[in-house]
Amino acid sequence: MVKLKEESFILNKDFGMTPIKCLKSSYSQNQVFFVEQSSRYTIINNENKGIIVLDDDWNEVKRIYIGEDILLPEIIYVDFSRNRLVLVLEETYCFIDIDNEFVKLIPTPQEFKTVRFKALYHFTDDAVYMNTSKGILFWSLKDFTVQLVADVRNTDKLFNWFYTQSKDKHSYFHKGVLAYFDSNKITIIDFMKKVEINDFVDIDCFDIATTTRYCLAVAEDKLQLIKLDNDDKSKLISFKYPLYGACTVFFEQDDELHLILLRWNDLEATSILEEYVIDFDKLPDHVVI
């Protein structure tokens, strides 16, 4: 039985950030390599065999087994409201209904084996639409058939809006908000508005996460947090050596900004999962954690 060790932390005034929750796991127990979130759960991998489901206090709720040495996702799509996942694995697609502990694996159809999956996706009650290098794939969650969608306008107005705005761009999609880079400009789109940040990202980022008020650029050794209503203001969060990362979950809740951060320490062979509540205005311009 893999046990995640809970740590308590004391606020370090020089750093200005301290986690409200922290879980550590040695690589020999479970090397955590992804973290996702739904409306009820925080979700991490259980080695390469399945997932561990955590509650709001990061107590283990359940483990869902998928298969032996199978869990190396190319991409993960999360149905936030219904607590469901779709994982694109090397040779299969995997659907997980967490509440019902239901897992369905189907082999990748031959005609889609070379498809490159993109960040944009959309769940309905009985299907998921996935943006790919060949267009939109429709995967039925009733009979688990996969087909290309001829006209995305017939799927969903909001999804069509996201798709047409980012069709030919490298985009990132988090919790219903779409962001993409274009000539060193970040464009952020939700169902209400479109925000552009010009020439402001100072780090070599590989991911972007956004909320209605903030943008987070993610690099392996640091983060850049940008305030959208005043984009000449940003804060840098760097990682102390030998820590590196980062997989992130980024959200606002009850007017508080939350950051869930997954980092690794190869010297100690340890995965570290932390959650922070951030007060942007009180945060130093550069924080080291």
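Order 207-219, 123-135, 54-66, 234-246 from most to least packed using the mean count of other Cβ atoms within 10 Å.
Values: 207-219: 21.2, 123-135: 15.8, 54-66: 14.2, 234-246: 17.5.
Packing order, densest peptide first, comes out as 207-219, 234-246, 123-135, 54-66.
Please go through the residue pairs Lys62/Lys113; Lys227/Lys282; Lys185/Lys233; Lys134/Lys193 and name each one whose alpha carbons sit more than 21 Å apart in this structure. Intermediate values should be presented prior to the final figure.
Working: Lys62/Lys113 32 Å; Lys227/Lys282 13 Å; Lys185/Lys233 16 Å; Lys134/Lys193 28 Å.
Table pairs above 21 Å Cα-Cα are Lys62/Lys113; Lys134/Lys193.
Once the piece of chain linking Leu148 and Asp69 is laid out straight, how much longer is it, given 0.36 nm per residue of separation minus the C-alpha distance between them?
Values: separation 79, 0.36 × 79 = 28.44 nm, distance 2.95 nm.
Gain on stretching Leu148 to Asp69: 25.5 nm.
Once phi is turned into θ = phi - 60°, what whole-Hz ³J(HN,Hα) does the Karplus curve with 6.51, -1.76 and 1.60 give for every residue of region 69-84, x standing for Gly and Pro?
Whole-Hz 3J(HN,Hα) from phi for region 69-84: 6, 10, 8, 10, x, 6, 7, 10, 10, 10, 8, 4, 6, 9, 6, 10.
Exceeding 26 Å between C-alpha atoms, which entries from my cross-link table qualify? They are Lys21/Lys222; Lys118/Lys175; Lys118/Lys235; Lys167/Lys235.
Details: Lys21/Lys222 20 Å; Lys118/Lys175 15 Å; Lys118/Lys235 29 Å; Lys167/Lys235 30 Å.
Violating the 26 Å limit, Cα to Cα: Lys118/Lys235; Lys167/Lys235.
Work out how much length Gln253 to Arg82 would gain on full extension: take 0.36 nm times their residue separation and subtract the Cα-Cα distance, in nm to one decimal.
On the way: separation 171, 0.36 × 171 = 61.56 nm, distance 1.84 nm.
59.7 nm is the gain from fully extending Gln253 to Arg82.
Would you mind checking which residues have amide H under 5 Å from Thr108's amide H? H placed 1.01 Å from N; only 5 or more apart, or other chain.
Thr92, Tyr93
Mean residue ellipticity at 222 nm from the helices of the chain, using -39,500 (n - 2.57) per DSSP H segment of n ≥ 4 over the full residue count, to the nearest 500 deg cm²/dmol?
-1000 deg cm²/dmol
Contact order normalised by length for the chain, with contacts defined as Cα pairs under 8 Å and 6 or more residues apart; what percent is it? Could the numbers behind the result be given before it?
Working: 599 pairs, mean separation 41.0, N = 289.
After rounding, I find 14 percent.
Under a cut-off of 15 Å between alpha-carbon atoms, report the aspartates and glutamates in cross-link reach of Lys169, not counting same-chain residues fewer than 8 places apart.
Counting by Cα, and skipping residues close in sequence, Lys169 has these aspartates and glutamates nearby: Asp182, Glu196, Asp207.
With point charges of +1 on the Cβ of Lys and Arg and -1 on the Cβ of Asp and Glu, referenced to the Cα centre of region 154-224, which listed residue (Asn198, Gly176, Thr155) lies farthest in the positive direction of the dipole?
Positive-end residue among those listed: Thr155.
Could you provide, to the nearest whole Å², the per residue accessible area of region 88-140 with probe 1.4 Å?
Values: 2340 Å² over 53 residues.
Solvent-accessible surface per residue comes out at 44 Å².
Measuring from the lowest to the highest alpha carbon on each principal axis, how far does the chain reach, largest first, in angstroms?
Largest to smallest, the principal-axis extents are 55, 48, 32 Å.
Give me the one-decimal nm value for the distance between modelled label points at Phe33 and Glu47, 7 Å along each residue's Cα-to-Cβ direction.
Placing both labels 7 Å beyond Cα along the Cβ direction yields 1.4 nm.
Residues with beta-carbon under 15 Å from that of Tyr41, excluding Tyr41: net charge, scoring Lys, Arg +1 and Asp, Glu -1? If you can, show how the numbers build up before the last one.
Working: positive: Lys21, Arg40, Lys62, Arg63, Arg82, Arg84, Lys175; negative: Glu36, Asp55, Asp56, Asp57, Glu60, Asp79, Asp97, Asp99, Glu101, Glu275.
Combined, the nearby Lys, Arg, Asp and Glu give -3.
Return the Rg/Rh value of region 20-76, two decimal places, where both radii are evaluated on C-alpha atoms and Rh is the Kirkwood radius. Intermediate values should be presented prior to the final figure.
Details: Rg = 11.2 Å, Rh = 11.8 Å.
For region 20-76, the value is 0.95.
Could you derive backbone 3J(HN,Hα) for region 261-273 from the dihedral phi with the Karplus parameters 6.51, -1.76 and 1.60 (θ = phi - 60°), listing whole Hz in sequence and x where the residue is Gly or Pro?
My calculation for region 261-273 gives 10, 10, 10, 10, 10, 5, 5, 9, 6, 9, 9, 10, 10 Hz in order.
Rounded to a whole number, what % of the accessible area of the chain do carbon and sulfur atoms account for, probe 1.4 Å? Could you put the intermediate results ahead of the total?
On the way: 6600 of 14360 Å².
Carbon and sulfur together cover 46 percent of it.
Determine ³J(HN,Hα), in whole Hz, for all residues of region 244-256 in sequence, where each value follows from phi through the Karplus function 6.51 cos²θ - 1.76 cosθ + 1.60 and θ = phi - 60°; x replaces Gly and Pro.
8, x, 9, 8, 10, 10, 9, 7, 10, 8, 6, 6, 10
Leaving out ligands and nucleic acids, and using a 1.4 Å probe, what accessible area per residue does region 148-250 come to in Å²?
51
Can you give the charge dipole size of the chain about its Cα centre, rounded to the nearest 20 debye, using +1 on the beta carbon of Lys and Arg and -1 on the beta carbon of Asp and Glu?
Numbers: 33 positive and 48 negative charges, 94 e Å.
Here the size comes out at about 460 debye.
The values are calculated or read from the model by the stated rules, or taken from the named source; none is laboratory data. None of these values were measured; they are calculated from a predicted model. Using ideal geometry, Cβ is built from the backbone for each residue, glycine included, and neighbour counts are taken over all protein chains shown. Side chains are part of the model used for accessible areas, which takes the heavy atoms of the whole protein and leaves out ligands, DNA and RNA. Shrake-Rupley method; radii C 1.70, N 1.55, O 1.52, S 1.80 Å.
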